[in-house]
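Here the structure comes first, spelled out in structure tokens, and everything after it is commentary.
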Amino acid sequence: MQSLRKRLVLAGLTAILVGSPYLTAHAATANAPTGQRLRNLAGNFLIGYAAMSNFNTASDSAKYQEVARTEFNFVTPENAMKWDATEPSQNNFTFGGADQLVNFAQANNQKIHGHTLVWHAQTPDWVTYGNWNSSTLTNVMYNHIDKVMNHWSDGQIYAWDVVNEAFEWNGTRRASVFQNVIGNSYIELAFRRARAADPVTKLIYNDYGIETVNSKSTGVYNMIADFKSRGVPIDGVGLQMHLSGTGIDYNSLAQNMQRFANIGVEVYITEMDVGISSTSSSNLTAQANVYSNVLARCKAQPMCKALQVWGIPDKYSWRTEHPLLFDDNYNAKPAYYAIQAGIGNGTTPTNTAVPTATRTAVPTATRTAVPTTVPGTATPVVPTSTPVAGAGCQVSYVLNQWGTGFTAEVTVKNTSTNAINGWALAWTFGGNQQVTNAWNATISPASGSVVASNVSYNASIPAGGSVSFGFQGSYSGTNSVPASFTLNGTTCSGS
Ligand code: XIL
């Protein structure tokens, strides 16, 4: 159902761009960063930015656009596709700002991340305070999704944040007009409607505070796992990544991304910025470390597809704490060079298994205060990976340890010719290791000879297929990879 408007937009694109200022070459300025541009190093990885609404009218828009088009291959409109911009009054759709950005992005071979269709904020009062019942508000939501998505042809917007920020810290649903009037089903209805409007764009659920394993991210995870099990269309989860210079628990970030990856959900880091109280050199270094660690964990996870920063120069950030890669004069900061150093890496993180000095071994159910010292001061232990071949199963046990804490990421491959339905992987710890927290498996008892059993959504391992789970633990003395494993009684360890 390609509208006339859609066809005109496509057909007119080339014409629009002829003579466009977007194609004007700008002379390289004296303060261009050294080294290669990020997008040239990124390969297939998406490195993105949020474009401010006046990207083409600000007094320094030429410089802004130069950095935008040379550094990034992905762009999110910071405000131009929100409901208050696209449907300010009922059924009155306005796309001027969004179209200008789409034209700019396409002229510069950048993919576009649409943001956002259904959200409690930046939604006009006529929606928020309207006198709705479930049926009338659902129709309003459907009309908005249809008209906004269909303004562009299928797939022209590479990914869409369909629903934004719908959860509370404790993992329950956030109150909003949609939640209050339509109820829990509104998110599912929005995703189904979005898929019908554009069958190829990536459909994303986006939120803040869901970067690590915590109550909120678990609430989101449970919703998405339920969607996946019932065939509700969803392709990705967006981790906004609005952080401070003290960073987050990077192992927990990796665990969190892994559980989404395990259910076939792509991960997008959608709005990264890292606030610091001043631009002292130690703060700038701490900030660079946060960018570096988040990027490394993302690059180590094949399902993590993008890192997007929420703006270009600090002066245009929505936060006052100098959180971006470029300073007010577009000079590249240490954070920029941290991204430049890490973005070309393959699947090996640049900073593997380097927990912070103050990081404790046990992630709590709720997100606790982030570490307060600069990462990297603990002595890292190089991860150990031991693939063990056996008759029907192969186990990879990747150990990351520090001080008295560790994580293990375990992948079990079914090397037999029969599918496995329901699995239990048994091993004996060589020391006093104590499991404190597991994901994608249930582990019992916590120490000694233990058994990791499937959870409901990963009980089946097809022939040749594999499942992954992980856990966190504490230990003293020596911590080594267990000597052998059995899967449903069959020994996986070889020779
Ligand atoms: C922010 C923009 O950066 C500001 O310009 C605007 O005034 C408010 O919204 N989560 C989101 C983004 O999903 O849309 C928000 O963007 C930042 C938090």
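Listed from fewest to most Cβ neighbours within 10 Å, the set Asp125, Asp154 follows the order Asp125, Asp154. Gain on full extension, evaluated as 0.36 nm per residue between Asn432 and Trp318 minus their Cα-Cα distance, stands at 36.2 nm.
Where a number appears in this text, it was derived from the coordinates with a stated rule and is not lab data. This structure is a prediction, so every number in the text was calculated from the model and none was measured. Because the Cβ atoms are built from the backbone with ideal geometry, glycine has one as well, and the counts that use them run over all protein chains shown.
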